[in-house]
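Before any comments, here is the structure.
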Amino acid sequence: MITFPLVWIVSILTIIAAFALSQNDRVIFQARFYLTAFFLLLAVIGLLLGMRLSFQSQLAADLQPLIAVMIAPSAYLGFKALTQETPSPFKQLFYWNWLPVLVSQAVIIAKILVSADFFILGITGIYLIKTAGLLRYESDAFKQVPPNGLNIVRAAISATVFLFAMMVTLDGLIIAAAIFADNVSVVKYVTGVSGLFTAFIFIVALLGLPLILRTSISDTTACKKPTDQDVEMIARLEKMMVEKRLYTDSNLTLARVAKRLSVPVRNVSEAINRSTGENFSRYINNYRISLAKKILSETDLPITEVMFEAGFVSKSSFNTEFRRLTGLTPSLYRESLSNSN
C-alpha cells in the first residue's frame, strides 16, 4: 500500500507560498526571484525526503544534497536585495555566492572522499551568519521595504535564521553519527529524523514566528548638525508630503522617495536623521499619525478606516505609532476629544 508522506504537506505549503510571492509585484524583482527560489528549493527537499523515507529512492538520496546547498544562499540574497538601492551585478553574485555552490555540487557528484553533509553544513553555516547579520541593520538600511513592512521582514529573517540554525545542528548530528556510529542504519535514521524535524521547524517558523516575534533594532540618530543641502532637501521633501500626501501610500519606501527627489538613497536617509533626529520610518509615520488625529477629530469613521486612510496596513503598527506620539490608543484619543467637548 502506497502512503502519502507527511513531509510532502510541507512541500505543498511552500509551493503555495512561492507562487504567492512570485505574483507580488510590490517586492522588487531580485528579492522576489531569490525568495521564491528559496521556497521552491525547500519544497523540492521535502519531496525528495518523502521519496527517501517512504520509497527508499536512491535517486532522491543523490539529489537531496545538491539541492540543499542552494537553500541558504537563495534566502540570504533575497533578503539582502531588500537593502540595496539597485540590483547587484550578476558577476558579483556569481563569484561570491554561486561559484562556491557549484564547486560543492561538482565535488558531491564526483563522490570524492568527503561527505556531502560537510558541504551542506559549511555553506549553511556561512549563510546563517550572513543572514543573521541582516538583523543588525537599522530601519533605513531596508531601502526597498515600506515602514509598515519592517517588522514582518525582520520576523521573516529571524525565522529563516532559526531554520538555518536547526539545519546546521542536525547536519552536525548526521556527521557525528557517521563518524562515531559505524552503523549505516543509524546514519539513515538520523538523516530521516533531521529532515522531518527541519520540516516541522520550518512550518513553525513560517506560520508562527511572524505572529509572535518582534525583533527590535535600536535606531541611531546622527549627532551632526544638518547641512545647507539637508535643509534644502527636507524642504523639498516636506513640500511633497504636504502637497502630494505621499505618506498615505502604504508601499512608500526610502528608495522611491529618493527617486522622486533625484538624489541617492543614503543622502535622503542622512538628511532626515540630521534634520529631525529620526529615521525614515518614524519620519513618515509622524505624518500618518497627524493625518489620523485629524480624521479622528473631524469624522466618525471607524478606526480601521482611519488606519487605511492614514497609510497604515497593520493595526498593531498603527496602534504602536499612535501611542508613541500621543500616549493614547486611537479609540481613547477619540474618546478624550468627545469628553473635552
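The values are calculated or read from the model by the stated rules, or taken from the named source; none is laboratory data. All values reported here derive from a predicted model rather than from experimental measurement. Backbone-built Cβ (ideal geometry, glycine too); neighbour counts: all protein chains shown. Accessible surface is based on the protein model in full, side chains and every heavy atom, while ligands, DNA and RNA are left aside. Shrake-Rupley method; radii C 1.70, N 1.55, O 1.52, S 1.80 Å.
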| message | Looking only at helices (runs of 4 or more DSSP H) that lie completely in the range 216-326, which have at least 1 residues being under 22 Å from T83 (Cβ atoms)? | response | 228-244, 254-261, 265-276, 280-298, 315-326
| So S139, is it hydroxyl-bearing (S, T, Y) and under 20 Å from K259 (Cα atoms) | yes
| request: Return a yes/no flag: does the range 118-139 have any residue that is over 25 Å from M166 (Cβ atoms) and either open to solvent by 10 Å² or more (accessible area, probe 1.4 Å) or hydrophobic (A, V, I, L, M, F, W, C) (or both). | output: yes
| message | Please determine whether any residue of the range 6-25 is more than 27 Å from G133 (Cα to Cα), out of contact with any Ser or Thr (no Cβ under 7 Å at 6 or more places or on another chain), of a type in the set (D, E) and open to solvent by 50 Å² or more (accessible area, probe 1.4 Å). | response | no
| Residue ranges of helices (runs of 4 or more DSSP H) in the range 89-144 with at least 3 members more than 22 Å from the chain's Cα centre (by Cα) and at pLDDT 90 or above | 99-110
| note | Those residues of the range 260-276 that are surrounded by fewer than 14 Cβ atoms within 10 Å (Cβ to Cβ) and either closer than 26 Å to V313 by Cβ or in contact with a helix residue (DSSP H, G or I) (Cβ under 7 Å, 6 or more places away or on another chain) (or both) come to a total of 1
| field | Filter result for F38 (out of contact with any helix residue (DSSP H, G or I) (no Cβ under 7 Å at 6 or more places or on another chain), surrounded by 13 or more Cβ atoms within 10 Å (Cβ to Cβ) and part of a helix (DSSP H, G or I)) | value | no
| said: Suppose we filter A68, A75 for residues that are within 30 Å of S269 (Cα to Cα), touching a helix residue (DSSP H, G or I) at 6+ places or on another chain (Cβ under 7 Å), surrounded by 15 or more Cβ atoms within 10 Å (Cβ to Cβ) and hydrophobic (A, V, I, L, M, F, W, C); which single one remains? | reply: A75
| query | Can you tell me which of A292, A255, A205 is modelled with pLDDT under 90 and either in contact with a Lys or Arg (Cβ under 6 Å, 6 or more places away or on another chain) or open to solvent by less than 50 Å² (accessible area, probe 1.4 Å) (or both)? | reply | A205
| field | Every residue from the range 287-304 that is closer than 15 Å to L332 by Cβ and either β-branched (V, I, T) or touching a strand residue (DSSP E or B) at 6+ places or on another chain (Cβ under 6 Å) (or both) | value | I289, I303
| On the given criteria, is L325 of a type in the set (A, V, I, L, M), open to solvent by 10 Å² or more (accessible area, probe 1.4 Å) and farther than 25 Å from A141 by Cβ? | no
| So S57, is it among the hydroxyl-bearing types (S, T, Y) and within 23 Å of V161 (Cβ to Cβ) | no
| Residues of the range 12-26 that turn out to be free of Cβ contacts under 8 Å to residues at least 60 places away in the same chain and in a loop (DSSP other than H, G, I, E, B), as a count | 3
